[in-house]
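The values are calculated or read from the model by the stated rules, or taken from the named source; none is laboratory data. From a predicted model like this one, the values you see are computed outputs, not experimental measurements. Virtual Cβ from ideal backbone geometry, glycine too; neighbours counted across all protein chains shown. Accessible surface is based on the protein model in full, side chains and every heavy atom, while ligands, DNA and RNA are left aside. Shrake-Rupley method; radii C 1.70, N 1.55, O 1.52, S 1.80 Å.
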Amino acid sequence: MDPAFSHADDDFWVFAYGSLMWRPGFAFAERVPARLVGLHRALCVYSFVHRGTPEKPGLVLGLDRGGVCRGTAYRVAGRERVDTIAYLRAREQVTKVYRETIRAVTLAAEPQRRVHALVYVVDRSHPQYAGRLKLEEQLHLVRQGHGHSGPNRDYVLSTVKELEALGCRDAELHLLAERLKGHETHESQLGGL
């Protein structure tokens with residue numbers, strides 16, 4: 001990331017596509033639905049800290065090449081810049097699986113406008129990059145994953161709930177959530193026998 005960005009005094013934007021949408025953890029002045037072109041949301045990162053461990057990894061989202069991603073953009077006041085970036089780096093860069101970069105995003109507010117936002121993009125050369133996994137592999141990892149931030153299952157279901165609140169449907173993520181909910185229903189039925 002451009003070092004000047006970290007030290008500027010102006011308000012800035014952060015683009016969220018996963019847990020930052022429903023649990024930002026930093027002060028913001030404005031929250032707006034947004035769209036990022038050229039990257040897509042994917043469960044493509046093995047989680048060794050927040051939603052899993054090295055022995056039993058979970059699976060979390062990353063922005064990967066191609067497509068479009070709908071998410072949330074947060075405007076952060078300039079006076080909060082240093083603290084917010086420090087917080088985001090501590091949260092998102094624990095294992096350096098993401099590259100911190102600035103990308104143009106389109107805000108869905110009226111009138112639509114483009115802004116530059118801080119974005120965390122998966123580093124495809126990092127050992128935690130999972131690539132494109134089959135649904136059954138995703139299910140296994142999400143079901144087993146539990147880390148410092150809680151169960152991996154909760155992460156997926158909370159993200160889907162937030163996407164639905166934005167009027168967005170991510171077909172693969174929604175299918176995974178339905179399978180996770182089906183597993184939950186099946187287990188509760190077995191417990192009732």
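On the protein heavy atoms, probe 1.4 angstrom, tell me the percent of accessible surface of the chain carried by carbon and sulfur.
Carbon and sulfur together cover 52 percent of it.
Roughly how many nanometres apart are two label points built 7 Å out from the Cα toward the Cβ at Glu30 and Lys161?
2.8 nm
Report the FRET efficiency, 1/(1 + (r/R0)^6), for Asp9 and Lys96, where r is their Cβ-Cβ distance and R0 is 30 Å, rounded to 0.05.
FRET efficiency, Asp9 to Lys96: 0.60.
So what is the relative contact order for the chain, in percent, with contacts set as C-alpha pairs under 8 Å and at least six apart?
Averaging sequence separation for qualifying contacts and normalising by length gives 27 percent for the chain.
Return one whole number: the accessible area per residue of the chain in Å², for a 1.4 Å probe.
I get 51 Å² per residue for the chain.
In Å and on Cα atoms, what radius of gyration and Dmax does the chain show?
17.0, 62
Excluding Arg51 itself, calculate the net charge of residues whose Cβ lies under 12 Å from the Cβ of Arg51, where each Lys or Arg counts +1 and each Asp or Glu counts -1.
+2
Quick check on the range 8-53: what does the Kirkwood estimate of hydrodynamic radius come out to from the alpha carbon pairs, in Å?
One over the average 1/r among Cα pairs gives 13.2 Å for the range 8-53.
Relative to a virtual label point 7 Å from the Cα of Asp83 in the Cα→beta-carbon direction, which members of the range 16-36 show backbone nitrogen distances below 14 Å?
25-29
Lys and Arg at +1, Asp and Glu at -1: add these up for the other residues within a Cβ distance under 10 Å of Leu63 and post the number.
+3
Round to the nearest 0.05 the FRET efficiency obtained for Ala108 and Glu55 when R0 = 30 Å and r is the Cβ-Cβ distance.
Given R0 = 30 Å and the Cβ-Cβ separation, E is 0.15.
Bins of 5 Å, beginning at zero and ending with the bin holding the largest distance: percent of Cα pairs per bin for the range 63-170, please.
2, 9, 14, 20, 25, 17, 9, 4, 1, 0
Please work out whether the range 129-188 counts as rounded, prolate or oblate from its C-alpha gyration tensor, where a ≥ b ≥ c are the square roots of the eigenvalues and a/c under 1.5 means rounded, while otherwise a/b larger than b/c means prolate and anything else oblate?
Here the range 129-188 falls in the rounded category.
Take the Cα gyration tensor of the range 1-99, multiply each eigenvalue by 5, square-root it, and list the three semi-axes largest first, rounded to whole angstrom.
Working from the Cα gyration tensor, I get semi-axes of 24, 17, 13 Å.
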